[in-house]
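Peer 1: Sharing a structure here in structure tokens format.
The values are calculated or read from the model by the stated rules, or taken from the named source; none is laboratory data. A quick note: this is a predicted structure, and the numbers were derived from the prediction, not measured. So basically every Cβ, Gly included, is an ideal-geometry build from the backbone, and we count neighbours across all protein chains shown.
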Amino acid sequence: MNEYLLSLLLGIIEGLTEFLPVSSTAHLRIAEALMNIDLSSGYWKMYSIVIQLGAILCLPVYFRERIAKFVSTFPRGERGDRTFLTHPLSLTVVAFVVTAIPAFLLVKVIGKHLESLYLMGTSLLAGGIVMWIIDARNAKSEAAGPGASGNRIHTWHMEDMSLSQSIWIGACQILSAVFPGTSRSMSTIGAGQLAGMSRASALEFSFFLSIPTMVVATCYDLLKSLTGKAENPIGVSQIDAHGWLILAIGFMVSYVVAYGAVAWFMAHVRRRGFAPFAVYRIVLGIVVLLWVSRLGR
């Protein structure tokens, strides 16, 4: 396949799946296997990091007004009822730290799992079932809205989150680091719903948490690749003009597609919830497991 077309295709896949609860890692791995592409070389491993960074950078742009408001009201919050530890920005940092430390300590375990299609298929299937159950459990409460008697949802806005909810979500996000195919957004959204958050508030916090989590993770991987500490390192001097252009195409396509996906996802979830994504995960997980069993991988 033409490398420019390949970069365009992979950029679209990354942009579409990075923030949807369907696992971008699994989709890129499946695309690699379907198209017989060797993405294990130093250059293509770096490429996958670059396009992920492109997708992530759309979030500060999309949420620029929310971020500006949070910064301007720190630490008391817009209503004056927050503290240094319970302000939304602080809760994001807390959840990030809860995730980052165990994930860093388990980095060798994570590396062994990243290429397993069987594990990804299992994670897609199991995660889809869990997502469906959690969303169905909260559906009546979502329909009833704030103030309804006996409503299991008590956090309708990100500004109302508690410290315990932040710690819980950060802990659950570790699952996505250890088991590729779980999906970082699925684990954080599902954890938020279990902790009494609405779909919209859990989704927004998932987006905010992904900014420090994914920026640090991708920059760390990119630094290792460029400094020769990765498994298949590549130096900047080894990339020619053709290589830089392929990287630029993937980066820009991933950024633009991810921006559109985030805007669509925010609107969709408020109207219809996560059930369609749960069904998609279940179907894809079954297909991948059947495929792997035929390939004998």
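Peer 1: Does TRP291 fit the bill of being surrounded by fewer than 12 Cβ atoms within 10 Å (Cβ to Cβ), assigned to a helix (DSSP H, G or I), at pLDDT 85 or above and of a type in the set (Phe, Trp, Tyr)?
Peer 2: Numbers: surrounded by fewer than 12 Cβ atoms within 10 Å (Cβ to Cβ): no; assigned to a helix (DSSP H, G or I): yes; at pLDDT 85 or above: yes; of a type in the set (Phe, Trp, Tyr): yes.
Considered against the rule, which asks whether it is surrounded by fewer than 12 Cβ atoms within 10 Å (Cβ to Cβ), assigned to a helix (DSSP H, G or I), at pLDDT 85 or above and of a type in the set (Phe, Trp, Tyr), TRP291 comes out as no.
Peer 1: Shifting gears a bit: Can you spot a residue in region 68-86 that is acidic (Asp, Glu) and within 23 Å of MET266 (Cβ to Cβ)?
Peer 2: In the first step, residues of region 68-86 are kept if they are acidic (Asp, Glu); the result is 78, 81.
This time we only want the ones that are within 23 Å of MET266 (Cβ to Cβ), so: 78.
Yes, region 68-86 has at least one match.
Peer 1: Within region 246-260, which residues are among the small types (Gly, Ala, Ser) and surrounded by fewer than 19 Cβ atoms within 10 Å (Cβ to Cβ)?
Peer 2: Those that are among the small types (Gly, Ala, Ser) and surrounded by fewer than 19 Cβ atoms within 10 Å (Cβ to Cβ): ALA248, GLY260.
Peer 1: Restricting the search to region 139-185, which residues are more than 20 Å from SER90 (Cβ to Cβ), over 22 Å from the mean Cα position of the chain (by Cα) and either of a type in the set (Ser, Thr, Tyr) or assigned to a helix (DSSP H, G or I) (or both)?
Peer 2: ALA139, LYS140, SER141, GLU142, ALA143, ALA144, SER149
Peer 1: While we're on this one: Among the residues of region 1-36, how many are within 18 Å of the chain's Cα centre (by Cα) and hydroxyl-bearing (Ser, Thr, Tyr)?
Peer 2: 4
Peer 1: A follow-up question, please. Restricting to region 18-44, give me the number of residues that are under 25 Å from LEU203 (Cα atoms) and either outside any helix (DSSP H, G or I) or without any contact (Cβ under 8 Å) to a residue 24 or more places away in the chain (or both).
Peer 2: Of the residues in that region, 8 qualify.
Peer 1: Regarding region 62-71, can at least one residue be identified that is touching a helix residue (DSSP H, G or I) at 6+ places or on another chain (Cβ under 6 Å) and within 23 Å of LEU223 (Cα to Cα)? First the steps, then the outcome.
Peer 2: The initial filter retains those residues of region 62-71 that are touching a helix residue (DSSP H, G or I) at 6+ places or on another chain (Cβ under 6 Å), namely 62, 70.
Imposing the further condition that a residue be within 23 Å of LEU223 (Cα to Cα) reduces the set to none.
No, every residue in region 62-71 fails to be touching a helix residue (DSSP H, G or I) at 6+ places or on another chain (Cβ under 6 Å) and within 23 Å of LEU223 (Cα to Cα).
Peer 1: Limited to region 86-112, what total is found for residues that are touching a Pro at 6+ places or on another chain (Cβ under 6 Å) and either modelled with pLDDT under 95 or in a helix (DSSP H, G or I) (or both)? Give the derivation first.
Peer 2: Start the filter on region 86-112 by keeping residues that are touching a Pro at 6+ places or on another chain (Cβ under 6 Å), which leaves 87, 96.
Those left that are additionally either modelled with pLDDT under 95 or in a helix (DSSP H, G or I) (or both): 96.
Qualifying residue count for the region: 1.
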